[in-house]
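Step one of this worksheet: look at the structure below.
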Amino acid sequence: MDKYLHSNRKAAEALLKKLDPSYRQRWEIYDDILKHLTGSGARWLDGGCGRNIAIEEFPCDITIGIDVYRHPDALHNAPHHLITGTLENLPFSDSVFTLVTLNTVVEHFENPAVVLKEIFRVLRPGGHVLIHTTNKTSPVIMLGKLFPESLRLRLMKKAFGAQDRDVFRTYHRLNTISALRTIEGFDVLEFHAIQDLNWSNRVIFLILLAFHIITKIPGLWRLRTNFVVLLKKKKS
């Protein structure tokens, strides 16, 4: 299977390079921003940290992952690196962190206003919030929302190799361009719309690639599946 996936990815990358050599995957954009916000002096809270592995690639003075449950494969699970809790009620003092990240987490917020108020509280003035999430107005995302949860889970497992424990209910209450650009107390420094391209299935890749090419038509970038957004807390 690994050999098959490697062959698929190699062929997909070659085709993508011919059709759109400037294309960057969502995680490439996300990681590039993260590199500039971490390191010496940074105090980082990773919301919805899952396995809590990002600490290895992006070390900071302080790095704490928080999630609603402890992933069975979680790393760095000492209390000063990993805690179990919700983003609606963060167990930290005011103005503790310089960075909060929300990687594929925002789409699961049932009460985004409450979460954002807590993040604003624990973030220092001038601190950053880095968000990677889905675009609920994308036809691809809307199509997925039409399926019952049980069927959606099966599709996620088959197409993307997701496990039951990694698939949560989605609300998409903050997942539009206007909502992400007008979060109270924050300025938008960067806003990227990216069409996700999945390597694991050849047919799915070709369909998504064709959609990506279509979204290069002026104005249609708004229909891409994913957003990467960098916010900065206002100082006043």
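None of the figures in this text is laboratory data; all of them are computed from the coordinates on show. Values in this document were obtained by computation on a predicted structure and should not be read as measured data. Every residue, glycine among them, receives a Cβ derived from its backbone with ideal geometry; neighbour counts consider all protein chains shown.
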Counting DSSP beta bridges with both partners in the chain, what percentage is antiparallel, nearest 5? 45
Those aspartates and glutamates that a straight Cα-Cα span of less than 17 Å connects to Lys233, excepting residues fewer than 8 apart in one chain: Asp46, Asp94, Glu118, Glu184, Asp187, Glu190
Taking H as built 1.01 Å from N, whose amide H comes closer than 5 Å to the amide H of Asn135, not counting residues under 5 places away? Asn226, Phe227
Given the pairs Lys18/Lys232; Lys35/Lys117; Lys35/Lys136; Lys17/Lys234; Lys17/Lys117, which span a C-alpha to C-alpha distance of over 31 angstrom in this model? Lys18/Lys232; Lys17/Lys234; Lys17/Lys117
Any aspartates and glutamates with Cα under 17 Å of the Lys216 Cα? List them, leaving off those in the same chain fewer than 8 positions away. Asp20, Asp196
Rank-order 108-118, 75-85 by packing density, defined as the average count of other C-beta atoms within 10 Å over each peptide's residues, highest first. 108-118, 75-85
Most to least packed among 42-52, 10-20 [average Cβ atoms within 10 Å]: 42-52, 10-20
At 7 Å along the Cα-to-beta-carbon direction for both Arg173 and Leu15, put a label point, then send me their distance in nm to one decimal. 4.0
